[in-house]
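Working notes, beginning with the structure itself.
The values are calculated or read from the model by the stated rules, or taken from the named source; none is laboratory data. Because the structure is predicted, anything quoted here is derived from the model rather than measured. Virtual Cβ from ideal backbone geometry, glycine too; neighbours counted across all protein chains shown.
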Amino acid sequence: MRYWWVNQNQTYKQEVLGGYLWSPKTKANGARNPFYEFMREVSPGDVVFSFCDTEIKAIGIAQSNAYEAPKPLEFGKVGAYWDLVGWRVDVRFSKLVTPIRPAAHINVLRPYLAEKYAPLRSNGHGQQSTYLTQLSDSLGDLLVALIGTEGRMIVQAARVEDFSSSIPNIGQVIWEEHQLSAVQEDDRLMATEKQSIVLARRGQGLFRQRVSSVERVCRITRVSQPEYLRASHSKPWRDSNNEERLNGENGLLLTPDVDLLFDRGFISFEDNGNVLVSPVADRTAMSKMGLTEELLGNVGAFSQGQRTFLQFHRESVFLEAKVVKP
């Protein structure tokens, strides 16, 4: 369990009522924003302090890791934002009966504020540029103590909660269903093309055939029996155009456990074949799957075409914040 602070001055009602956090992936100019990047390292069970209008008004418990999802409809006036894709974390928020005002406790809080990425200024006012930032355990524990019984009850309940049955990636499921409908309704596509594109979403049909002409075994486990392998997109189906959805170099043959980890962004690959493991991946669970450190070394270099798609995976799926840690 880790502690996070989210500034929700503009989106408090939408996010708390809707049960999520959402941020763009980058600034408007395309540059990385550390307070958006931090979304990639939230895990189920983490505690989120919701700050709005100078007060901590709610405490949230993360229900998912971060995942790609369109900008929520309720953020705007009209129209769906299917083309504006950012990071989403599903969160169960509890509004506080007695909110606290951090500025009133700044003399106690100030010694625990980090020099970098702190959510508050030294006078107790919120940092306007901050969206989401991680707090130290000491600062998180202190905030819980200041909130009192309400805060302790919420956090203690989260410590013993089982998150394995949570419905994963709700926003992503809705997004993909929208895209499936768009494929089915596209009059420019022949029926056979539609079928191939739809089957590719599950790693079947023409897409699997093309991946199998490039890859022969699971890169990590070395399993080669076709019946034990899944064709997994490097640049996800939801992010790809129809040509990319059927491109054999946009895929890897992976055993089911490895496919799940790759699809959810817990592992990725460098161009030279080095395996990347997300800081939020459960190493113990991976070991129980048989994915030992020995297997998570180098799996062999990828082709130039594969590297293009793997770059997208590292930048837009892999769960690791690209920031300079304090």
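Matching residues to (1) in the same structural domain as residue 60 (by TED's automatic domain parsing); (2) in a loop (DSSP other than H, G, I, E, B); (3) more than 24 Å from the chain's Cα centre (by Cα); (4) closer than 21 Å to residue 41 by Cβ:
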{"site": "92", "(1), (2), (3), (4)": "yes, no, no, yes"}
{"site": "107", "(1), (2), (3), (4)": "yes, no, yes, no"}
{"site": "110", "(1), (2), (3), (4)": "yes, no, yes, no"}
{"site": "115", "(1), (2), (3), (4)": "yes, yes, yes, yes"}
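Applying the condition of being under 17 Å from residue 3 (Cβ atoms) and over 23 Å from the mean Cα position of the chain (by Cα) to the stretch 117-133 and asking which residue is modelled with the highest pLDDT yields 120. Looking only at residues in the stretch 24-52 that are among the small types (Gly, Ala, Ser) and farther than 14 Å from residue 323 by Cβ, the one that is nearest to the chain's Cα centre (by Cα) is 43. Against the condition closer than 29 Å to residue 26 by Cα, exposed (fewer than 14 other Cβ atoms within 10 Å of the Cβ) and either within 26 Å of the chain's Cα centre (by Cα) or not acidic (Asp, Glu) (or both), how does residue 136 come out, does it pass? When the stated conditions are applied, residue 136 does not pass them. Can you pull out every residue in the stretch 171-207 that is touching a residue at least 24 places away in the same chain (Cβ under 8 Å) and more than 26 Å from residue 63 (Cβ to Cβ)? Result: 183, 189, 193, 196, 197, 200, 203, 204, 206, 207.
The residue pairs whose first member lies in the stretch 128-149 and is farther than 17 Å from residue 60 by Cβ, whose second member is charged (D, E, K, R) and loosely packed, with under 15 Cβ neighbours inside 10 Å, and whose beta carbons are closer than 9 Å, counting only pairs six or more residues apart or on different chains, are 145/152. Restricting the search to the stretch 1-59, which residues are among the polar types (S, T, N, Q), surrounded by fewer than 19 Cβ atoms within 10 Å (Cβ to Cβ) and touching a helix residue (DSSP H, G or I) at 6+ places or on another chain (Cβ under 8 Å)? Matches in the stretch 1-59: 14, 26, 54.
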